[in-house]
Amino acid sequence: MKSQGGDSDAVSQIMVVSDEEKSRATPPASDDEPVQDVAEELPMDQGVVAWLQVLGSWILFANTWGLSNSFGVFQAYYSNELLPDTNPSTIAWIGSIQIFLMMLIGVCAGWLLDAGYLRFILICGTAMTSLGLFMLSLCTQYWQILLAQAFCVGTGSGLLGLTCVAVIPLYFRRRRMVATGIAATGSSLAGIVYPIMERRLIASIGFSWAVRVFAFIVTGSLLICIAIMRLRPNLKRRGALFRLKHFQDTPYITFCIAFALMIGSVYVPFFYVDAYAIRLGVDPDTSFYLLSAMNAASLFGRLAPNWLADEYGGMTVMLPCCVGSAIVLFVFRFAHDLPGLIAISIVYGFISGGMVSLPPATIANLTDDLSEYGTRMGMGYTIASIGALIGNPIGGAAQRPQGDGVADVQREFQGTWIFAGGFMLAAVILMVVSKHLRVGSVWKGKC
């Protein structure tokens, strides 16, 4: 495809290539609509098509990261009802593998996205997620749940989870962080609604039909994404699955390791706050509202940091969020009643809100050539998936039963909170190193 004389400035900025490279660029082989011979340029930061991508990404966030944010309800139900004889750490592997696959498969999804196969990704991801949820409604044993919820839903989420954060930077530049933050509120809203809905449905119609109703809602909403989402026309595509040269980018790889440590700790309260509250004597019909409160706070915690990040940079804003989250994680050990748990859940939800929405846009800021953004995003999420895999089970394994008294339960869970806080502090240190390497300063420079 030869570039047209009428190519807009917006597209020339999103494709950082020379005139000679443009003349040699060839059309992508994909199942999406073919690129038109006449330049079909779209303005950056505006337009119906651009904001439809935000809507589609919002739905994808709700049905990928939102599912992960809601796993605490499943963790508590499996531990107390369906699998009462199974260790909490063993049950946590279900949610951790789901998040792990959601991030690991990102490297393949990034490659397919760079090659132009957006619709293929959406269809396959929707099919796998729907299949896994419907199969989960039939499960009664641990290994069945592991296959359906961890592996099948995790694979579908892996295809969809990267897409929800990789498309927006192709349509937004000046408002990139804000647009990503708006889309990321989908996972927070899902984290508010899904736990309440699931808990109430389980109580009224049973686990099997509750999951089926949930599966119908997820499937129907994902079909909307297939209908409205598309890649930016005339975007140069390289389609590399893995590029070793990116490992030579020290600021980028350092941030990816920090990302892994952060993901390994940030979900620990989402997994265990419900179980912690029940062990402290909170009514199970009330305890699950803590998870919804945490997600409600994160809804606001994703908008404000992303608005600031457009001005100061994603990593600059993420650093104080990580420091604050580490402090709250260490303080979790001292919460011993419902008011205290509500307060600390709200504070943690707000402070940690930007940790899901800021990394994708931060990787975009660390990427000089956006035609390789999908590949670098996939590689980054693959590295971070290691933290997602091991973090929550380690948090569960750190629990040491002491007794049934309040002080005993606090000591039982203190290893969980200390582990998560320590991982988060390590992430802070590496982010400081990454930013210093990129812009030469921790406090100055947009990154």
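The values are calculated or read from the model by the stated rules, or taken from the named source; none is laboratory data. Just so you know, these numbers come straight off a predicted model, no measurement behind them. Backbone-built Cβ (ideal geometry, glycine too); neighbour counts: all protein chains shown.
General observations
- Within the stretch 350-366, being assigned to a helix (DSSP H, G or I) and out of contact with any Gly (no Cβ under 7 Å at 6 or more places or on another chain) holds for 355, 356, 359, 360, 364.
- Looking only at residues in the stretch 244-257 that are touching a residue at least 60 places away in the same chain (Cβ under 8 Å) and not aliphatic (A, V, I, L, M), the one that is surrounded by the fewest Cβ atoms within 10 Å (Cβ to Cβ) is 250.
- Scanning the stretch 95-107 for any residue that is surrounded by fewer than 19 Cβ atoms within 10 Å (Cβ to Cβ), outside any loop (DSSP other than H, G, I, E, B), of a type in the set (A, V, I, L, M, F, W, C) and at pLDDT below 90 turns up nothing.
- Candidates are the residues of the stretch 376-427 that are aromatic (Phe, Trp, Tyr) and in contact with a Gly (Cβ under 8 Å, 6 or more places away or on another chain); the one that is surrounded by the fewest Cβ atoms within 10 Å (Cβ to Cβ) is 419.
- Of 148, 215, 183, all but one fail to be assigned to a helix (DSSP H, G or I), among the small types (Gly, Ala, Ser), within 21 Å of residue 361 (Cβ to Cβ) and under 21 Å from the mean Cα position of the chain (by Cα); the exception is 183.
- Test set (1) modelled with pLDDT under 95; (2) surrounded by fewer than 24 Cβ atoms within 10 Å (Cβ to Cβ); (3) of a type outside the set (A, V, I, L, M); (4) assigned to a helix (DSSP H, G or I) - residue 134 fails condition number: (1)
- Residue match in the stretch 437-446 (condition: in contact with a helix residue (DSSP H, G or I) (Cβ under 8 Å, 6 or more places away or on another chain) and at pLDDT 90 or above): no
- Within the stretch 306-332, the set of residues being of a type outside the set (A, V, I, L, M) and either farther than 15 Å from residue 174 by Cα or touching an Asp or Glu at 6+ places or on another chain (Cβ under 6 Å) (or both) comprises 316, 320, 321, 322, 324, 325, 330, 332.
Residue-wise test of (1) among the basic types (Lys, Arg); (2) without any contact (Cβ under 8 Å) to a residue 24 or more places away in the chain; (3) part of a helix (DSSP H, G or I).
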position: 379; (1), (2), (3): no, no, yes
position: 382; (1), (2), (3): no, no, yes
position: 391; (1), (2), (3): no, no, yes
position: 413; (1), (2), (3): no, no, yes
position: 417; (1), (2), (3): no, no, yes
position: 425; (1), (2), (3): no, no, yes
position: 428; (1), (2), (3): no, no, yes
position: 438; (1), (2), (3): yes, no, yes
position: 446; (1), (2), (3): yes, no, no
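- Residue match in the stretch 240-259 (condition: within 22 Å of residue 95 (Cα to Cα) and among the aliphatic types (A, V, I, L, M)): yes
Okay, residues lined up against (1) in a helix (DSSP H, G or I); (2) crowded, with 16+ Cβ neighbours inside 10 Å; (3) in contact with a Leu (Cβ under 9 Å, 6 or more places away or on another chain):
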site	(1), (2), (3)
286	yes, no, yes
296	yes, yes, yes
303	yes, yes, no
310	yes, yes, no
318	yes, yes, yes
339	yes, no, no
343	yes, no, no
348	yes, yes, yes
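- When the residues of the stretch 258-284 are filtered to those that are β-branched (Val, Ile, Thr) and crowded, with 21+ Cβ neighbours inside 10 Å, the one that is farthest from residue 347 (Cα to Cα) is 263.
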